[in-house]
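The next block holds one structure in the form of structure tokens; read it before the comments.
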Amino acid sequence: MAIPILFVHIKLQDLKISTDYLTNMNNRNQLIRYLTAKIRTESENLYLFMMDVDKFKSINDNYGHTEGDNALISVADKLKEVAREFGGIIARYGGDEFAMALVGDVNIADDYEAIRERIHQHSMKDPFVQELDYNINASMGIAECVITDDVDLDSLIKLADMRMYEDKEARKGSNEIR
């Protein structure tokens, strides 16, 4: 009887270690584990999306940290839907940043815009709190590679992150970030 209980306990501890407490999605450690396993076993295309909630600090500043948490949970829920639809893994990378990995044949241009639109479609409104009215937008960067044993995971993450910040800067210049 002790062995099954120990097994369940270990599984629950592993789940706690690999899950983000706020969004109840994978955390950065779980994403890295997934990517490392894929690099060892697959030989397909790998696409890594890095996403950052635009003007997140202003949500916290204007509506409070609880509402900031609600915004992150909302983005996480939308990204979970996207990951189920596209067959990827999604993780909260840290703060207001999220990452999604897709393996296989992906139409990057279409998927990129579909993901951005899914996040943007959702705005936070509360009929009981008149001041609560804002849109959620995200900047995104994508890095892609063919999975081989010599894929440098750190470089792939840095490239996706750099492209995300390039997207944010380009959208600021075009006033697309509201």
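The values are calculated or read from the model by the stated rules, or taken from the named source; none is laboratory data. This structure is a prediction, so every number in the text was calculated from the model and none was measured. Cβ: placed from backbone, ideal geometry, glycine included. Neighbour counts: every protein chain shown. Areas reflect the complete protein model, heavy atoms only, side chains present, ligands, DNA and RNA absent. Shrake-Rupley method; radii C 1.70, N 1.55, O 1.52, S 1.80 Å.
Assorted remarks:
- Exposure ranking of 3, 89, 73 by accessible area [1.4 Å probe, largest first]: 3, 73, 89
- Furthest towards positive pole of dipole, 51, 35, 76, structure part region 18-109, Cβ charges: 35
- With the whole protein complex present, residue 28 retains an accessible surface near 100 Å², based on a 1.4 Å probe.
- Rounded to the nearest 10 Å², the accessible area of residue 152 at probe 1.4 Å: 80
- Residue ranking by accessible heavy-atom surface, 1.4 Å probe, largest first, among 57, 168 comes out as 57, 168.
- Remark: the residue 28-residue 117 segment gains 29.7 nm on full extension, using 0.36 nm per residue and subtracting the alpha carbon distance.
- Simple spin-label estimate for residue 66 and residue 44 gives 4.3 nm between the two label positions (7 Å along the Cα-to-Cβ direction from each Cα).
- A probe of 1.4 angstrom, applied to the heavy atoms of all protein chains, finds residue 163 with accessible area near 90 square angstrom.
- Normalised per residue, the accessible area of region 28-120 is 45 Å², obtained with a 1.4 Å probe and no contribution from ligands, DNA or RNA.
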